[in-house]
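First the structure, in the form of structure tokens, and then the observations on it.
The values are calculated or read from the model by the stated rules, or taken from the named source; none is laboratory data. Predicted model only: the values in this text are computed from it and were never measured. Quick reminder, even Gly has a Cβ in these numbers, built from the backbone with ideal geometry, and neighbours come from all protein chains shown. Ligands, DNA and RNA are stripped out before the accessible areas are found, and what is left, the full protein with its side chains, is counted by its heavy atoms. Shrake-Rupley method; radii C 1.70, N 1.55, O 1.52, S 1.80 Å.
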Amino acid sequence: MTSLATPFNDGLRAGVVLFQSCCACGHAQTLARYACQRCGHERLDWRDAVGTATVRATTVVARAPSEDFRALAPYTLVIVQLDEGPRLMGHAAAGVQIGERVRAEFFEHLGRPLLRFVPAA
């Protein structure tokens with residue numbers, strides 16, 4: 001059985017950030033969904049993001065939520081707004097600030113592809 005998020009995760013493995021675009025209204029969204037958040041239309045296409053974004057929120061995780069992430073702690077998580085409009089969460093370089101321009105990079109942790117944002121400059 002294929003997960004709704006399989007295309008997104010396959011994109012991470014290929015070094016591409018993907019987002020869904022509504023075929024009816026053009027709304028862009030990052031969380032894999034069965035329908036458009038704006039108009040409810042059920043036809044959504046996956047599109048490549050350019051990979052650049054602006055940091056909207058940041059936090060440092062000092063205590064990992066599970067044993068799987070303990071080796072990464074402390075680590076920075078951010079919510080970014082992609083240049084295409086939607087927001088998503090990912091890891092980030094230490095010291096990244098709200099309002100900073102960042103670009104996507106990719107890494108693997110325990111066989112799982114993950115997203116990391118680093119300063120764009």
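Condition test on Gly85, is it open to solvent by less than 70 Å² (accessible area, probe 1.4 Å) and either at pLDDT below 95 or within 17 Å of the chain's Cα centre (by Cα) (or both)? Yes; evaluated as a whole, the condition is true for this residue.
Regarding Ala71, is this residue at pLDDT below 95, of a type in the set (Gly, Ala, Ser) and under 18 Å from the mean Cα position of the chain (by Cα)? Considered against the rule, which asks whether it is at pLDDT below 95, of a type in the set (Gly, Ala, Ser) and under 18 Å from the mean Cα position of the chain (by Cα), Ala71 comes out as no. Scanning segment 12-39 for residues that are over 21 Å from Ala104 (Cα atoms) and open to solvent by 20 Å² or more (accessible area, probe 1.4 Å) yields Cys23, Ala24, Cys25, Gly26, His27, Arg33, Tyr34, Ala35, Gln37, Arg38, Cys39.
Check segment 57-78 and report whether any residue there is of a type in the set (A, V, I, L, M, F, W, C), in contact with a helix residue (DSSP H, G or I) (Cβ under 9 Å, 6 or more places away or on another chain) and either open to solvent by 30 Å² or more (accessible area, probe 1.4 Å) or over 22 Å from Arg33 (Cα atoms) (or both). Yes, because at least one residue in segment 57-78 is of a type in the set (A, V, I, L, M, F, W, C), in contact with a helix residue (DSSP H, G or I) (Cβ under 9 Å, 6 or more places away or on another chain) and either open to solvent by 30 Å² or more (accessible area, probe 1.4 Å) or over 22 Å from Arg33 (Cα atoms) (or both).
Conditions tested, residue by residue: (1) aliphatic (A, V, I, L, M); (2) within 21 Å of Gly90 (Cβ to Cβ); (3) touching a Ser or Thr at 6+ places or on another chain (Cβ under 6 Å).
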position: Phe19; (1), (2), (3): no, yes, yes
position: Ala24; (1), (2), (3): yes, no, no
position: Thr30; (1), (2), (3): no, yes, no
position: His41; (1), (2), (3): no, no, no
position: Asp48; (1), (2), (3): no, yes, no
position: Thr54; (1), (2), (3): no, yes, no
position: Ala62; (1), (2), (3): yes, yes, no
